[in-house]
Amino acid sequence: MAASGSKTVIYAALVGNLLIAVTKFGAALYTGSSAMLSEAIHSLVDSGNQGLLLYGLRRAKRPADDRHPFGYGMELYFWAFVVAILIFAVGSGVSLYEGILKILEPHPITNPLINYVVLGAAIIFEGVAWTMAFKEFQRTKGTRGWMEAVRQSKDPALFTVLFEDSAAMAGLIVALVGIYLSQALNMPWLDGAASVGIGIILAVVAMLLAYECKGLLIGESADKALVDSVSRIIRSEPTVNRLNELRSMHLGPRDVLLAVSIDFRDGQTVGEVESTVFRLERRIKQQFPEVRRIFIEVQSHGDHKRMVASER
């Protein structure tokens, strides 16, 4: 998943959310709608979140140094996790609080037409941003199912924006229905109920994002197709007797670390083993540019089994 694609989606969402947030706050202050205020806060939080994702992408590009010899790629995962926390604590928390207050102390909405106009415009803006994120994610998911693609994705920037935009679209519909019903039925507390509904939507999205980011933060393996292909490349070498073990971990969306233990055929010279190691690294990196680092351990199968047993 190209970083440029992720950035384009984030910038589109950022511009849209900033424009929407300004109009929503104006409408909320003018009409006194609790659902509209929740939506305004939601858009403002989303804008801040996209800023954090862009910051994370920039920080993740820093080159490796003595303190971080494997680079800073995983910093993007950290900032994506912070985004999930902000959605839950600020977006969901404020929406629930504002909604409960409106339910306890309901008051009618003035000039609801303004809310309808703003929500209609917001649906258009959010729809454009959501379509861009959806197309980019669809381009990368291949034949996998949607949830499977999210679970296997190593680019939190893209699926975070897709989740946020989906939550925003759902929240706009809830706000629109809540405001309409509160006016049509003369039940002002339904406006507050819509705000609570928005808060619940944001809480669910935040928990999903936190769960996905947690896996990336603690270290997820590379895609199974990549691991299987690398295993075949290693086993195809005539000097290789057995592939003892292959471990992988994503250090960033396009940065994979491989640790390999290989049992070479007996009788090989040191030079032959070194040539095979070089040839393997070159073949693997040519086929999979995202594999940035490969560590190959030369070890007999019996010794490897004993070392693994000692670790348990």
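The values are calculated or read from the model by the stated rules, or taken from the named source; none is laboratory data. Fair warning: this is a prediction, and the values are worked out from it, not measured in the lab. Methodologically, a virtual Cβ is constructed for each residue, glycine included, from the backbone with ideal geometry; neighbour enumeration extends over all protein chains shown.
Where helices (runs of 4 or more DSSP H) sit wholly within region 1-105, those with at least 1 residues that are within 23 Å of MET249 (Cβ to Cβ) and of a type outside the set (A, V, I, L, M) occupy 3-31, 34-60, 75-86. Quick one: what pairs do we get from region 23-47, first residue free of Cβ contacts under 8 Å to residues at least 40 places away in the same chain, second surrounded by 24 or more Cβ atoms within 10 Å (Cβ to Cβ) and polar (S, T, N, Q), C-beta under 9 Å, 6+ apart or different chains? Pairs that qualify, where the first residue is free of Cβ contacts under 8 Å to residues at least 40 places away in the same chain and the partner is surrounded by 24 or more Cβ atoms within 10 Å (Cβ to Cβ) and polar (S, T, N, Q), are PHE25/SER43; ALA28/SER34; ALA28/SER38; ALA28/ASN115; LEU44/ASN17; SER47/ASN17.
The residue of region 238-262 that is nearest to TYR72 (Cα to Cα), among those that are surrounded by fewer than 18 Cβ atoms within 10 Å (Cβ to Cβ) and among the charged types (D, E, K, R), is ARG254.
Yes or no, residue by residue, for (1) charged (D, E, K, R); (2) in contact with a strand residue (DSSP E or B) (Cβ under 7 Å, 6 or more places away or on another chain):
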site	(1), (2)
GLY178	no, no
SER221	no, yes
VAL227	no, yes
ARG235	yes, yes
ARG265	yes, yes
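Across region 117-162, the number of residues qualifying as among the small types (Gly, Ala, Ser), more than 13 Å from the chain's Cα centre (by Cα) and surrounded by fewer than 21 Cβ atoms within 10 Å (Cβ to Cβ) comes to 5. When PRO63 is tested against (1) within 30 Å of ALA193 (Cα to Cα); (2) without any contact (Cβ under 8 Å) to a residue 24 or more places away in the chain; (3) not aromatic (Phe, Trp, Tyr), exactly one condition is not met: (1).
Scoring LEU96 on the criteria (1) more than 22 Å from GLY127 (Cβ to Cβ); (2) at pLDDT below 90 leaves a single failure, condition (2). Within region 278-312, the set of residues being part of a loop (DSSP other than H, G, I, E, B), under 18 Å from ASN244 (Cβ atoms) and not hydroxyl-bearing (Ser, Thr, Tyr) comprises GLN299, GLU311, ARG312. Selection of region 168-196 for residues being surrounded by fewer than 24 Cβ atoms within 10 Å (Cβ to Cβ), hydroxyl-bearing (Ser, Thr, Tyr) and closer than 17 Å to ALA21 by Cβ yields an empty set. Please indicate, with yes or no, whether at least one residue in region 227-234 is buried (at least 21 other Cβ atoms within 10 Å of the Cβ) and assigned by TED's automatic domain parsing to the domain that holds PRO106. Checked region 227-234: no residue is buried (at least 21 other Cβ atoms within 10 Å of the Cβ) and assigned by TED's automatic domain parsing to the domain that holds PRO106.
So is SER275 of a type in the set (Ser, Thr, Tyr) and either assigned to a helix (DSSP H, G or I) or farther than 22 Å from ALA157 by Cα (or both) or not? Steps first, answer last, please.
Working: of a type in the set (Ser, Thr, Tyr): yes; either assigned to a helix (DSSP H, G or I) or farther than 22 Å from ALA157 by Cα (or both): yes.
For SER275, the condition - of a type in the set (Ser, Thr, Tyr) and either assigned to a helix (DSSP H, G or I) or farther than 22 Å from ALA157 by Cα (or both) - is met.
Among SER231, SER195, which is the only one that is under 30 Å from GLU98 (Cβ atoms), of a type in the set (S, T, N, Q) and in a helix (DSSP H, G or I)?
Details: SER231 fails: under 30 Å from GLU98 (Cβ atoms).
One residue alone meets the criteria, SER195.
Take the residues in region 212-226 that are within 11 Å of MET74 (Cα to Cα) and of a type in the set (A, V, I, L, M); name whichever of them is surrounded by the most Cβ atoms within 10 Å (Cβ to Cβ). So, considering only residues that are within 11 Å of MET74 (Cα to Cα) and of a type in the set (A, V, I, L, M), the one surrounded by the most Cβ atoms within 10 Å (Cβ to Cβ) is LEU216. Only a single item in (1) modelled with pLDDT under 85; (2) outside any loop (DSSP other than H, G, I, E, B); (3) surrounded by fewer than 21 Cβ atoms within 10 Å (Cβ to Cβ) is not met by ASP165, and it is number (3).
Each residue in region 135-162 was checked for being among the charged types (D, E, K, R) and part of a loop (DSSP other than H, G, I, E, B), and 3 of them qualify.
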